[in-house]
Amino acid sequence: MRKSTAEFLLVRWVDAQVAQGIPRQIIYDRLFHENRAALSLEEKHACSAVADTVLGIMVDRNLQGEELEKDGRVGEAMTLYEENVADQTTAPFPYDRLRVLYTRRGDYHEAIRICQTYLAVLDISDRFNANERRTTWQSHLDELHQKAGVTK
C-alpha cells in the first residue's frame, strides 16, 4: 500500500526529530495525542500509522533484547534496552531488565541510574498508572541504595 502525502511528510518529520535527538516516546506522544481534533481524517490516519511505526521500533528492541538474553548475549540485549531508555519509553520492561541485569553484575550505581531515569520518565508521564509504578520503582531504588551503601 502506498503512503499518503500526509504520512510521507510525517515520516520525514519523525526522521528529522530523531536526527535532532528527540526521544521516540516524545515523538510518539506528539503524533498520537496532540491537536487531533483539528486534523482531517487522512491526517489522523497518517498520524496513527506513523505513531505505530515509532512505537514498534521500541517494542521490537524489547523483543529482540529478550531473545538475545535467552541466547546468552546479555551485553547486546542491554544495548537495545539502553536505546529504549534513551528514547524515554514509558514501558517499564527495558528499565526492569536493566535494573535486574546491572544488579546481578553488582553494578548498583548503574541500576540506581536506571531506577532514577524511570522515575523521571514517570514524573513527566500522566499515563500507565504512573503513581503505582512510581511507588514500585521508588522501592527498587531504596533497595539499591542500601545494597550500594549510598545514603540519600
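The values are calculated or read from the model by the stated rules, or taken from the named source; none is laboratory data. Not measured: the values here are computed from a predicted model. With ideal geometry, Cβ positions are generated from the backbone for all residues, glycine too; neighbour counts draw on all protein chains shown.
The single condition from (1) under 17 Å from Val150 (Cβ atoms); (2) surrounded by 21 or more Cβ atoms within 10 Å (Cβ to Cβ); (3) among the aliphatic types (A, V, I, L, M); (4) free of Cβ contacts under 8 Å to residues at least 24 places away in the same chain that Leu119 fails is (2). Could you please let me know if Glu7 is over 30 Å from Ala111 (Cβ atoms), loosely packed, with under 13 Cβ neighbours inside 10 Å and of a type in the set (D, E, K, R)? No; evaluated as a whole, the condition is false for this residue. Looking across the stretch 36-48, just one residue is under 23 Å from Ala19 (Cα atoms) and surrounded by fewer than 18 Cβ atoms within 10 Å (Cβ to Cβ), and that is Ser48. Residue-level analysis places Arg134 among those that are surrounded by 14 or more Cβ atoms within 10 Å (Cβ to Cβ), basic (Lys, Arg), modelled with pLDDT under 90 and in a helix (DSSP H, G or I).
Listed here are the residues, each with its yes/no results for (1) free of Cβ contacts under 8 Å to residues at least 12 places away in the same chain; (2) among the small types (Gly, Ala, Ser).
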| site | (1), (2) |
| --- | --- |
| Gln17 | yes, no |
| Gln20 | yes, no |
| Arg30 | yes, no |
| Ala46 | no, yes |
| Val50 | no, no |
| Asn62 | no, no |
| Asp71 | yes, no |
| Val100 | yes, no |
| Arg104 | yes, no |
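Would a scan of the stretch 31-43 turn up a residue that is at pLDDT 90 or above and among the aromatic types (Phe, Trp, Tyr)? No: zero hits.
Here Gly65 does not qualify as exposed (fewer than 14 other Cβ atoms within 10 Å of the Cβ), within 20 Å of the chain's Cα centre (by Cα) and not assigned by TED's automatic domain parsing to the domain that holds Lys147.
One line per residue, one yes/no per condition, for (1) over 22 Å from Arg133 (Cα atoms); (2) basic (Lys, Arg):
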{"position": "Met58", "(1), (2)": "no, no"}
{"position": "Asn62", "(1), (2)": "no, no"}
{"position": "Glu67", "(1), (2)": "yes, no"}
{"position": "Arg73", "(1), (2)": "yes, yes"}
{"position": "Val85", "(1), (2)": "no, no"}
{"position": "Pro92", "(1), (2)": "no, no"}
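Would you call Glu7 outside the structural domain of Leu101 (by TED's automatic domain parsing) and touching a His at 6+ places or on another chain (Cβ under 9 Å)? Yes, satisfied.
Just one of the listed residues (Ala77, Ala111) is closer than 30 Å to His140 by Cα and touching a Phe, Trp or Tyr at 6+ places or on another chain (Cβ under 9 Å), namely Ala111.
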